[in-house]
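Each remark here refers to the structure printed beneath this line.
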């Protein structure tokens, strides 16, 4: 009888520990996704424009909805702002997401619209126009019609919010 009680206690105790570990991992993952910046990135506390607020928080000053489709059936709203991957300066860099490392591209307007965009090891493509940038943000499409790589979300927002986000990207030059 004592052995059964000991076995049962070990099973229950082990289950509790596994459950706590899962809750801790989930909490850490959600905390990481909810942070509107990458480590070492300074984020403003007062936004000079709606476009800047969208870039850093994925929320609009108008209160209009902003959501993202991360693929694989994952919809998010306000959890993965642009600055999370592309940094406060838009220059991008190495990012860890969902236990994967990837290189977030430089999304400064000057870089995207430059004739040299895509050189130095990246696959080249034609320079972006403002309309191409809008399509990249909302449809995940490059200027040549090819899809952008995962994990670039496909954002849903009002035309006004999208225009103001594009205007903010121009200030990152």
Expected output is a single nm value to one decimal: the length gained when fully extending between residue 146 and residue 170, i.e. 0.36 nm times separation in residues minus the C-alpha distance. What is it? 6.3 nm
Fewest first, what order do 9, 82 take by the number of other Cβ atoms within 10 Å? 9, 82
Which of 10, 112, 169 has the fewest Cβ neighbours within 10 Å, and the rest in rising order: 10, 112, 169
Could you calculate the contour length gain from residue 3 to residue 96, that is, 0.36 nm times the residue separation minus the distance between their Cα atoms, to one decimal place in nm? 28.9 nm
Taking the Cβ of each residue in 46, 95 as the centre, tally the other Cβ atoms inside 10 Å and list the residues starting with the fewest. 46, 95
Residue 156 versus residue 17: modelled label distance in nm, points set 7 Å from Cα along the beta carbon direction: 4.4 nm
By the gyration tensor of its Cα atoms, with a ≥ b ≥ c the square roots of the eigenvalues, what is the shape of segment 132-173: rounded for a/c under 1.5, prolate for a/b over b/c, or oblate? prolate
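Each value in this text was obtained by applying a stated rule to the coordinates, not by laboratory testing. Keep in mind that what you see is a predicted model, and the values were worked out from it rather than measured. Every residue, glycine as well, gets a Cβ built from its backbone with ideal geometry; the counts of neighbours run over all protein chains shown.
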